[in-house]
Amino acid sequence: MTLSLVPACAADLPFLLALRRQTMTPYLQAAGMPCDEASHLARIRYHFEAARIVHWQGQPVGLFKAVWLAEQQHWYLIQIQIAPSAQGQGLGARLIGDLLTQAAGARVVLSVIHSNPARHLYARLGFVPFAEDAQEIWLESRPAG
């Protein structure tokens, strides 16, 4: 399986907008969260410098965005979105596994909308809840040691 990450650029915005609509709109709607174009674009542009286009078998199929938050001393997995046509191939698990390896035992934090089935992947990878509200669950990896 050929998997690579390529830094996103402004020319990728149409792809990222379509991907976000396709992968997130149903969960945002279920949670009563904004899913208009401006809201989607704001989320895409958040920490855009860290955005990586996921390429699989030579095709763009997703977005992976994670940053090191020095003040909090943890990684924040901001977004991982894989196009439905590429889901079920282990791409998300591999990308998150690579982040956990890079984190070298440091805590990794993410949030997931309650209705998003990706929460099962996160649990399988060892993430545990530490906070939640009416819309989202906050999860963390357990630091080594």
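Key figures
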| quantity | calculated |
| --- | --- |
| Per-region count, the stretch 73-97, residues closer than 22 Å to Thr25 by Cβ, under 12 Å from the mean Cα position of the chain (by Cα) and part of a helix (DSSP H, G or I) | 3 |
| Residue in the stretch 44-66 that is within 25 Å of Glu132 (Cβ to Cβ) and of a type in the set (Asp, Glu) present | no |
| Every residue from the stretch 18-32 that is farther than 21 Å from Phe64 by Cα and in contact (Cβ under 8 Å) with a residue 40 or more places away in the chain | Ala30, Ala31, Gly32 |
| Sole residue being touching a helix residue (DSSP H, G or I) at 6+ places or on another chain (Cβ under 8 Å), more than 22 Å from Arg119 (Cβ to Cβ), modelled with pLDDT of 95 or more and of a type in the set (Val, Ile, Thr), chosen from Ile53, Ile82 | Ile53 |
| Members of the stretch 44-56 found to be surrounded by fewer than 19 Cβ atoms within 10 Å (Cβ to Cβ), more than 14 Å from Leu5 (Cβ to Cβ) and either in contact (Cβ under 8 Å) with a residue 12 or more places away in the chain or in contact with a Cys (Cβ under 7 Å, 6 or more places away or on another chain) (or both), listed by number | Tyr46, His47, Phe48 |
| Count - residues of the stretch 3-23 that are surrounded by 14 or more Cβ atoms within 10 Å (Cβ to Cβ) and in contact with a strand residue (DSSP E or B) (Cβ under 7 Å, 6 or more places away or on another chain) | 9 |
| Out of Arg107, Arg119, sole residue that is surrounded by 13 or more Cβ atoms within 10 Å (Cβ to Cβ), touching a Ser or Thr at 6+ places or on another chain (Cβ under 7 Å), more than 14 Å from Ser4 (Cα to Cα) and of a type in the set (D, E, K, R) | Arg107 |
| The stretch 24-43, subset of a type in the set (Ser, Thr, Tyr) and out of contact with any strand residue (DSSP E or B) (no Cβ under 8 Å at 6 or more places or on another chain), residue nearest to Pro7 (Cα to Cα) | Ser39 |
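Residue-wise test of (1) within 13 Å of the chain's Cα centre (by Cα); (2) closer than 16 Å to Leu16 by Cα; (3) assigned to a strand (DSSP E or B); (4) among the charged types (D, E, K, R).
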| residue | (1), (2), (3), (4) |
| --- | --- |
| Cys35 | no, yes, no, no |
| Ala42 | no, yes, no, no |
| Glu49 | no, yes, no, yes |
| Phe64 | yes, yes, yes, no |
| Glu71 | no, no, no, yes |
| Leu99 | yes, no, no, no |
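The values are calculated or read from the model by the stated rules, or taken from the named source; none is laboratory data. Bear in mind the structure is a predicted one, so any value in this text is a computation, not a measurement. Cβ atoms come from the backbone with ideal geometry, glycine included; neighbour counts cover every protein chain shown.
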